[in-house]
Amino acid sequence: MNVLSINLRGLGCDEKKDWVRNLRTSNDIGFVMIQETQLSSMDGVDIGRFWGNGEFLCEWVDATGRSGGLLSIWDSKRFIFSSVEKNRYFLSISGKLRDNGKVITIVNVYSPQRLIEKRTLWADLDRCIIQDENYWIVGGDFNCVRDRNERRNSKSVPSTSNEFNEWIDRVGLHEYSLKGRRFTYVSGNKCSRIDQIFVSWNFLNDWVNAEYQALAREKSDHNPILLKVVYRNYGAKPFRFFNSWLQREDFDELVNSSLMSFSREGRYDLVMLNKFRLLRKAIVKWRDSKTEKEKEEEENVRQDIIELDGIIEDRELTAAEQWVYVEAKKKLKELEDFCAKDLCQKARVRWASDGDENTRFLHGVVNNRRVANSIPGLMVNGEWVFKPQEVKKEVYRFFRHKFVEELKSRPCVECYGLRTVSDKDAADLVKPLLEKEIKEAEI
């Protein structure tokens, strides 16, 4: 679902309504965030003029006199509304995307000018924005820049920018590289980038990719900001396999039964692909079931040990109780070893020894690197290509050209008359040393 954010500086002009409607239809926008409505009441305003054809819902925050005012409009067929939270300076809409069932919250922001009021807004957003598995989009007019290079011919306050950046890091938001325009607000010869859209980090981890661009301004001195969310399927995600699974008693039987139950004819590569797909589903199902059972088993074993430890204080254990105690200790050690091996493999030995410290920073570094290494598109013959199939084809063509053999006939070395060892002597050279030979060599 594409999201548009725009500061209209008032809703009174019909030309602005037509402009927003044309932007929405031409860019297939499902959610529109408008700042500075400058209306203390939305009664009598034809909101449908902003949207055009199709069903929609809306929420708004009234302006204080002629200052501020927020309006959010969305496609009710794509976005299933669930709740709203209103503040003088932000409008938060929560719901669910109909196409994939993902929960998403979109926050429309119009930040005040004074720093003390900005701090109050950031504190309110701290309590509103929860770092969870849901999607978060926070956009609007922040009346603040992240760096002095985002202003021209206007005063930049480094302390304000530093506090703004600290807030963005604290709530776990990310900003894509802006395309189309460098600045989003122009007044005379003064330029700045105060209109922005941020997303939560799980946008980078999940199935979505995004194009973030500033569109041309026509009826306002602010550029419309477009967040275009694109589904780009570059194939299945890598499947993480833990070595500790090989030590489970029933894992070999699971793999054998899954592969034996598969029967399909066709191209060998497709048969193998489908076989691996079936095996992966079976392992995932086994893993979830095994994890649940082991947690329950660990709780029972710990309970048995606690009860037997209490009995030891009063009397000696019987032979049966002693056997249960030893077996419980052994089983608990086995489960803890499995868990330790998984942690070492998952997060490296250093993380396992130091503990889960400063996770947000580490995840931020990893996600930044992932974004930097991703290929959202390529310039092919002067045309920007972003479809996964075309990107794959161009990457394959480039590297295939790099690894082409230039020599049609490679030189070879022919040596005649060289003395060689016999096959028996050659086999003796790689034979393992016997204990008797080692002792004789020491003597």
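Annotation: of all residues in the stretch 18-38 being touching a Gly at 6+ places or on another chain (Cβ under 9 Å) and not aliphatic (A, V, I, L, M), the one that is farthest from E218 (Cα to Cα) is Q38.
In the stretch 266-305, of all residues being more than 20 Å from C339 (Cβ to Cβ) and among the small types (G, A, S), the one that is surrounded by the fewest Cβ atoms within 10 Å (Cβ to Cβ) corresponds to G266. Exactly one residue out of K424, K408, K431 is at pLDDT 85 or above, farther than 30 Å from G172 by Cα and assigned to a loop (DSSP other than H, G, I, E, B): that is K431.
Of the residues that make up the stretch 22-31, is at least one under 20 Å from I197 (Cα atoms), surrounded by fewer than 17 Cβ atoms within 10 Å (Cβ to Cβ) and in contact with a Cys (Cβ under 7 Å, 6 or more places away or on another chain)? The answer is no, given that none of the residues of the stretch 22-31 is under 20 Å from I197 (Cα atoms), surrounded by fewer than 17 Cβ atoms within 10 Å (Cβ to Cβ) and in contact with a Cys (Cβ under 7 Å, 6 or more places away or on another chain).
Could you list, in sequence order, the residues of the stretch 306-342 that are acidic (D, E) and either in contact with a helix residue (DSSP H, G or I) (Cβ under 7 Å, 6 or more places away or on another chain) or surrounded by 11 or more Cβ atoms within 10 Å (Cβ to Cβ) (or both)?
If the condition is that a residue be acidic (D, E) and either in contact with a helix residue (DSSP H, G or I) (Cβ under 7 Å, 6 or more places away or on another chain) or surrounded by 11 or more Cβ atoms within 10 Å (Cβ to Cβ) (or both), then E307, E321, E327, E334, E336, D337, D342 are the ones that fit.
Scanning the stretch 44-53 finds no residues that are outside any loop (DSSP other than H, G, I, E, B), closer than 22 Å to D221 by Cβ, among the hydrophobic types (A, V, I, L, M, F, W, C) and touching a Leu at 6+ places or on another chain (Cβ under 6 Å).
Residue check: is K346 modelled with pLDDT under 80 and within 40 Å of the chain's Cα centre (by Cα)? Talk me through it step by step, then tell me what you get.
On the way: modelled with pLDDT under 80: yes; within 40 Å of the chain's Cα centre (by Cα): yes.
Yes.
Of the candidates T64, T37, the single residue that is exposed (fewer than 14 other Cβ atoms within 10 Å of the Cβ) and closer than 19 Å to G140 by Cβ is T64. State which residue is surrounded by the fewest Cβ atoms within 10 Å (Cβ to Cβ) when the search covers only the stretch 152-180 and only residues that are assigned to a loop (DSSP other than H, G, I, E, B) and within 26 Å of the chain's Cα centre (by Cα). The selected residue is S177. For the stretch 97-130, the tally of residues that are within 26 Å of F79 (Cα to Cα), over 20 Å from the mean Cα position of the chain (by Cα) and assigned to a loop (DSSP other than H, G, I, E, B) stands at 1.
Taking the stretch 251-271 as the range and being among the acidic types (D, E), in a helix (DSSP H, G or I) and at pLDDT below 85 as the test, only D269 passes.
Look at the stretch 124-153: where a residue is closer than 21 Å to H363 by Cα and in the same structural domain as K86 (by TED's automatic domain parsing) and a partner is part of a loop (DSSP other than H, G, I, E, B) and aliphatic (A, V, I, L, M), sitting 6+ places away or on another chain with Cβ atoms under 9 Å, you get W136/I129; W136/I130; V138/I129. Across the stretch 365-401, which residue is farthest from Y176 (Cα to Cα) among those that are of a type in the set (V, I, T) and assigned to a strand (DSSP E or B)? Of everything passing the filter in the stretch 365-401, V380 is farthest from Y176 (Cα to Cα). The residue that is modelled with the lowest pLDDT, counting only those in the stretch 303-323 that are assigned to a helix (DSSP H, G or I) and of a type in the set (A, V, I, L, M), is I312.
The values are calculated or read from the model by the stated rules, or taken from the named source; none is laboratory data. Owing to the predicted nature of the structure, the values given are computational and were not obtained by experimental measurement. Using ideal geometry, Cβ is built from the backbone for each residue, glycine included, and neighbour counts are taken over all protein chains shown.
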